[in-house]
Amino acid sequence: MNMDPKLTEVSQFFERFKAAIVRNDLDTCAHLLSQLKVLLTEFKSLPPLFEDSPNAVHELTVARDIYEHAVVLSVKTEDQDAFERDFFQLKPYYTDTGGRLPPSPQEYPILGLNLLRLLVQNRIAEFHTELELLSPVALENPCIKHAVELEQSFMEGAYNRVLSARQTVPHETYVYFMDLLAKTVRDEIAGCSEKAYDYLSISDAKQMLMFSSDHELLEYIKEDHPEWEIKNGFVFFQKAKESAPCKEIPSLQLINQTLSYARELERIV
């Protein structure tokens, strides 16, 4: 089959893009990606037109591969807006190509990654909408299951399970969103703690926020809660109470569960 010159050009650019990703040259990646996206507009076989052409399957496959790489790049550059844009451009390649393409091995990792992003952004209704669109086969995939279990733990306030899930990520691209989620969870617990208590001992605060060392706790306070006071082995929340407006928080009972669970664990370990 004669290779269309446009397709050849796209393939060459894409090879350069993949080489740049491997050497972690993200600026070059971004530059090449914007050129690739312009080149792809020349192909009428791609969504939304899906026109038939002799090279349609080849064009669709290359374009899908490019958008998958774009999504992974957005995770590497920690750009959630780019993730959303690229994911929406990629999605029709999964949903609307009507079995013309062989399934992509990246499909489930990326769908799971998107669920994770919605969870991090607290877009729970959209999370459930996306979930309802998935096939029973997809729901059995470890990448999707990971996100579903996380959401359940998150909604139940089983924050310890959320934090420990970072150790079992199904795909290395998940670490970025898992770290963000851990931060969301800690901020949530921190918000509860300062409403519920006047002060906590450093060791209780450390258990509550699920840090493994005093140093990690103190770094977190310095970075995120400079208004908390630390003296004589205690963390005082008084100033935070005066300044912070009350936001929606899970009940006090949850905090106590978290704390007693942490203590239980210490006993077991």
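The values are calculated or read from the model by the stated rules, or taken from the named source; none is laboratory data. What you see is a predicted model; the values in this text were computed from it and never measured. Glycine also receives a Cβ, built like all others from the backbone with ideal geometry; neighbour counts cover every protein chain displayed. In case anyone asks, the SASA skips ligands and DNA or RNA and just uses the protein heavy atoms, side chains included. Shrake-Rupley method; radii C 1.70, N 1.55, O 1.52, S 1.80 Å.
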Taking the condition of being under 27 Å from Glu78 (Cβ atoms) and open to solvent by less than 60 Å² (accessible area, probe 1.4 Å), how many residues in region 109-140 meet it?
20
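Would region 149-162 turn up any residue that is in a helix (DSSP H, G or I), within 22 Å of the chain's Cα centre (by Cα), touching a residue at least 40 places away in the same chain (Cβ under 8 Å) and surrounded by 13 or more Cβ atoms within 10 Å (Cβ to Cβ)? So that I can check it myself, show each step before the final result.
First pass over region 149-162, keeping only residues in a helix (DSSP H, G or I): 149-156, 159-162.
Cutting the leftovers down to within 22 Å of the chain's Cα centre (by Cα) gives us 149-156, 159-162.
Now restrict to residues that are touching a residue at least 40 places away in the same chain (Cβ under 8 Å): 159-160.
Imposing the further condition that a residue be surrounded by 13 or more Cβ atoms within 10 Å (Cβ to Cβ) reduces the set to 159-160.
For region 149-162, residues in a helix (DSSP H, G or I), within 22 Å of the chain's Cα centre (by Cα), touching a residue at least 40 places away in the same chain (Cβ under 8 Å) and surrounded by 13 or more Cβ atoms within 10 Å (Cβ to Cβ): present.
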Restricting region 82-102 to residues that are exposed (fewer than 13 other Cβ atoms within 10 Å of the Cβ) and part of a helix (DSSP H, G or I), which is modelled with the highest pLDDT?
Phe88
Tell me yes or no: at least one residue of region 19-36 is hydroxyl-bearing (Ser, Thr, Tyr) and open to solvent by less than 30 Å² (accessible area, probe 1.4 Å).
no
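Which one of these is among the hydroxyl-bearing types (Ser, Thr, Tyr) and part of a loop (DSSP other than H, G, I, E, B): Ser53, Ser11?
Ser53
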Kindly list, by first and then second residue, each pair from a residue in region 23-46 that is in contact (Cβ under 8 Å) with a residue 40 or more places away in the chain to a residue that is assigned to a loop (DSSP other than H, G, I, E, B) and surrounded by 13 or more Cβ atoms within 10 Å (Cβ to Cβ), limited to pairs with Cβ atoms under 9 Å and residues at least 6 apart or on different chains.
Leu26/Thr77; Cys29/Thr77; Ala30/Thr77
Residues that are touching a strand residue (DSSP E or B) at 6+ places or on another chain (Cβ under 9 Å) and at pLDDT 85 or above, drawn from region 226-247
Trp228, Glu229, Ile230, Gly233, Phe234, Val235, Phe236, Phe237
So in region 70-80, with the set limited to residues that are out of contact with any Lys or Arg (no Cβ under 7 Å at 6 or more places or on another chain) and either closer than 19 Å to Glu42 by Cα or assigned to a helix (DSSP H, G or I) (or both), which one is most open to solvent (accessible area, probe 1.4 Å)?
Lys76
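Just the residues that are in a loop (DSSP other than H, G, I, E, B), under 25 Å from the mean Cα position of the chain (by Cα) and among the polar types (S, T, N, Q), please, taken from region 14-41. Let's see the steps before the verdict.
First, the residues of region 14-41 that are in a loop (DSSP other than H, G, I, E, B): 23-25, 41.
Now drop any that are not under 25 Å from the mean Cα position of the chain (by Cα), which leaves 23-25.
Result: Asn24, single match.
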For residues in region 171-229 being small (Gly, Ala, Ser) and buried (at least 16 other Cβ atoms within 10 Å of the Cβ), which is nearest to Leu119 (Cα to Cα)?
Ala182
